[in-house]
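The values are calculated or read from the model by the stated rules, or taken from the named source; none is laboratory data. Keep in mind it's a predicted model, so treat the numbers as computed, not measured. Every residue, glycine as well, gets a Cβ built from its backbone with ideal geometry; the counts of neighbours run over all protein chains shown. Please note that ligands, DNA and RNA were not included when accessible areas were found on the heavy atoms of the full protein model with its side chains. Shrake-Rupley method; radii C 1.70, N 1.55, O 1.52, S 1.80 Å.
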Amino acid sequence: MVGLSIVLLLVIIAIFAPLIAPFDPISRVKEDSLLGPGRTYWFGTDLLGRDILSRVIYGSRVSLEVGIIAVGISVIIGLLMGALSGYFGGASDAIIMRVADIFFAFPYILGAIAIMTVLGPGIINIFIAIGLLGWASFARIFRGSILSIKNKEYIEAARALGASNYRIITKHIFPNSFAPIIVYATMNVGTAIIVEAALSFLGIGVQPPTPAWGKMLSESLDYIDIAPWMMIFPGLVILITVLGFVLLGDGLRDAFDPKMKQ
Amino acid sequence: MLYFILRRILQIIPVIIGVTLILFILMYVIPEDPAQLILQKGATPEALANLRAKMGIDRPLHVQYWRYMRGLFSGDLGTSYRYGRSVNSILAQHYPYSIRLAFAAIILEIIIGLFAGIVSAVKKYSFWDSLVTISTTIVVCVPVYWLGMILQVTFGLKLGWLPMSGYGDGSIKYYILPAITLASVSIAYVARMMRSTMLEALSNDYIVTAYAKGLSQFKVVGKHAMKNALIPVVTLVGLDLGALMGGAILTETVFNWPGVGRTLYLAVLQRDAPVVIGGTIILVSIFVIMNLIVDIIYAWLDPRIRYEKREPGL
């Protein structure tokens, strides 16, 4: 419930950011540079006099977009690969699983940095980089489900009735593999948000002046001693957001499989 | 056993080749001319063309890849575009820093992770158990670089107890903050796993017997339960050692640590393809070799693994 509440709150904040944010997240007020948290600016201001709270609120949009879309890309590629691998078996299974091994061995952050260097900075490229790197786990999960299900009687019955491979996979196999995939995807949204923040922190993710939590942290590096609030609040919201998705994933797993509650 | 080891080694080869191929393609499609990188601005078109021909980068991708792989199998990782030095020597210079930091992190992971896990299991549902469970859940959600920054501000800047960044004279005080940062997530995983394996071990009949014989809790936990509870944790630590030895890009960047992770990050930003590819190959190799060693140890401990029927595609 805690996880669901955090995630719902975050979604509401992201959607209604223009109504909730007290200030424009981009507009600069030179005379309000590096002000500490107070009545006007609850989370303080940065070097350019921009309101940290408003930037944190708008930053939730980038994080949520990346989390959901990048993981969506991973899920789609993973399901396709998993279906080809588990359902059809043979050479396609061997090849896809070897390719998955390569992606498992690939250092995640380094891979994301390399792809971003090729594609260039920008949010669309972050979707692609994180989406491309995360498919292998979903392929493995879906393949495992297919292998355990595909020889069951009801699948044979469907086949005997003349159902196509597409119909068997989408109507009979996928609904039975849905639970582990949705649980893993939910937890992966948190990981994607951390990776996006890391890329922006390293300067190759979301570009200024778009407010993004990782970018805000990298901007705080030079003022760590005189304006620690610049670092504390974006970091805290990343932590709370990731925690929300992890707890939501845990909760979903318990809901789908009550035995796990023990 | 020999068949098992050979099979696992054969599975590694396509992984290494695949990683090199992906990186090679990525670095190849970067719209930047390595000859321009080396000669800088102001180079004549003739000079650029000459250098391209000399480096072989005017050849098609597959020719370049084949040449690189031939060099790789003879132990040559190529020459850096930026520094004009061999990639082997650059990595040899930076790897020791990463390996030392990895060992410092592993030591923390073992000491803190095991201790927290054991306390949590032995004092199940107590305040300490809740503390370990909650803190490990939170720690795995913390961005490592943010944790690094918090530690820098707290212990480096405000309290002045430890250096904020760098390697300095290489004394222990320079290792503490980066090692804690690097180990944080792993400590949480070790503590969680130790808790669950310890709880399982403590529920066995031989533990009840040990208590019935009048042994102290210290002996029962430390001698009888610990032995069985440790095996999966050792596996986790082994895999972690492989992952951490590959250098930690974020931790090394925040702490300005002269390791291979930071070197690789800078090389990517500088489009120094030979360093990126060479460094990643070594990094992935260490990771998969550590995986292999852990698997072999596991297979040695548990014969069921080495005799298991091969699942198709795995």
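Listed values, structure above:
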| read-out | value |
| --- | --- |
| Per-residue [θ]222 nm for chain B (sum of -39500 (n - 2.57) over DSSP H runs n ≥ 4, rounded to 500) | -23500 deg cm²/dmol |
| Relative intensity, log₁₀ I(q)/I(0), of the stretch B:36-131 from a Debye sum that treats every alpha carbon as a point, q = 0.14 Å⁻¹ | -0.73 |
| Cut-off 13 Å between beta-carbons: net charge of the residues surrounding B:Leu239, Lys and Arg +1, Asp and Glu -1 | -3 |
| Charge tally in the Cβ shell below 14 Å around B:Tyr174, where Lys, Arg are +1 and Asp, Glu are -1, B:Tyr174 excluded | 0 |
| Hits among lysines - C-alpha to C-alpha of B:Lys227 under 27 Å, sequence gap 8 or more where chains match | B:Lys123, B:Lys124, B:Lys213, B:Lys219 |
| Shape call, the stretch A:155-262: gyration tensor on alpha carbons, a/c limit 1.5 | oblate |
| Accessible area expressed per residue, chain B, with surrounding protein chains retained (probe 1.4 Å, Å²) | 51 Å² |
| Accessible carbon and sulfur surface of chain B relative to its total accessible area, %, 1.4 Å | 66 percent |
| The stretch A:2-260: Lys pairs at Cα distance under 27 angstrom, eight or more positions apart or on different chains | 6 |
| Positive-pole candidate from A:Leu34, A:Ala136, A:Ala192, dipole of the stretch A:2-260, charges at beta carbon | A:Ala136 |
| Centre separation in Å (Cα based) which lies between the stretch B:215-250 and the stretch A:63-91 | 33 Å |
| Accessible surface buried once B binds A (1.4 Å probe; total of both sides; Å²) | 3600 Å² |
| Largest to smallest accessible area among A:Lys30, B:Lys173, B:Lys213 [probe 1.4 Å] | A:Lys30, B:Lys213, B:Lys173 |
| All-pairs alpha carbon distance profile, the protein assembly as shown, 20 Å steps from 0, percent | 17, 51, 29, 3, 0 |
| Simple spin-label estimate for A:Leu132 and B:Asp33 in nanometres, 7 Å along Cα-Cβ | 2.5 nm |
| Distance (nanometres) between label positions extended 7 Å along Cα→Cβ at B:Phe73 and A:Lys30 | 6.5 nm |
| Taking chain B and dividing mean pair separation by its residue count, relative contact order in percent (alpha carbons under 8 Å, at least six apart) | 24 percent |
| Neighbour net charge for B:Ile187 - beta-carbon separation under 14 angstrom, K R +1, D E -1 | 0 |
| Kyte-Doolittle mean at least -0.5, axial Cα span of 18 Å or more - DSSP H helices of chain A | A:2-15, A:52-88, A:90-105, A:135-149, A:174-201, A:229-256 |
| The stretch A:2-260 - accessible surface per residue (Å², probe 1.4 Å) | 42 Å² |
| Computed label-point distance, nm, for sites A:Ala94 and B:Tyr298 using a 7 Å Cα→Cβ extension | 2.4 nm |
| Lys, Arg +1 and Asp, Glu -1 on Cβ, resulting dipole of the stretch A:2-260 about Cα centre, debye, nearest 20 | 780 debye |
| Using alpha carbons only: equivalent-ellipsoid semi-axes of chain B, gyration tensor based, whole Å | 45, 27, 13 |
| Longest segment of chain B lacking chymotrypsin sites (Phe, Trp or Tyr not before Pro) that sit in a DSSP loop with at most 12 other Cβ atoms within 10 Å | B:162-306 |
| Heavy-atom accessible area, 1.4 Å probe, ligands and nucleic acids excluded: residues of the stretch A:182-230 down by at least 30 Å² from chain alone | A:Ile194, A:Phe201, A:Leu202, A:Leu217, A:Ile224, A:Asp225 |
| The stretch A:2-260: projected area of the alpha-carbon convex hull, averaged over directions, in nm² | 16.3 nm² |
| Highest-fluctuation residue, B:Gln93, B:Gln152, B:Gln217 considered, GNM on chain B with Cα pairs under 10 Å | B:Gln217 |
| The stretch A:2-260, accessible surface, carbon-and-sulfur percent (1.4 angstrom probe) | 69 percent |
| Interface residues, the stretch A:80-99 - accessible area loss of 40 Å² or more versus chain alone, probe 1.4 Å | A:Arg98 |
| Alpha-carbon centroids, the stretch A:108-182 and the stretch B:1-62: separation in whole Å | 31 Å |
| Heavy-atom accessible area, 1.4 Å probe, ligands and nucleic acids excluded: residues of the stretch B:1-23 down by at least 10 Å² from chain alone | B:Gln11, B:Pro14, B:Val15, B:Gly18, B:Val19, B:Ile22, B:Leu23 |
| Top of B:Val275, B:Val142, B:Val233 by mean-square fluctuation, Gaussian network on chain B, Cα under 10 Å | B:Val142 |
| Highest-fluctuation residue, B:Ala188, B:Ala299, B:Ala105 considered, GNM on chain B with Cα pairs under 10 Å | B:Ala299 |
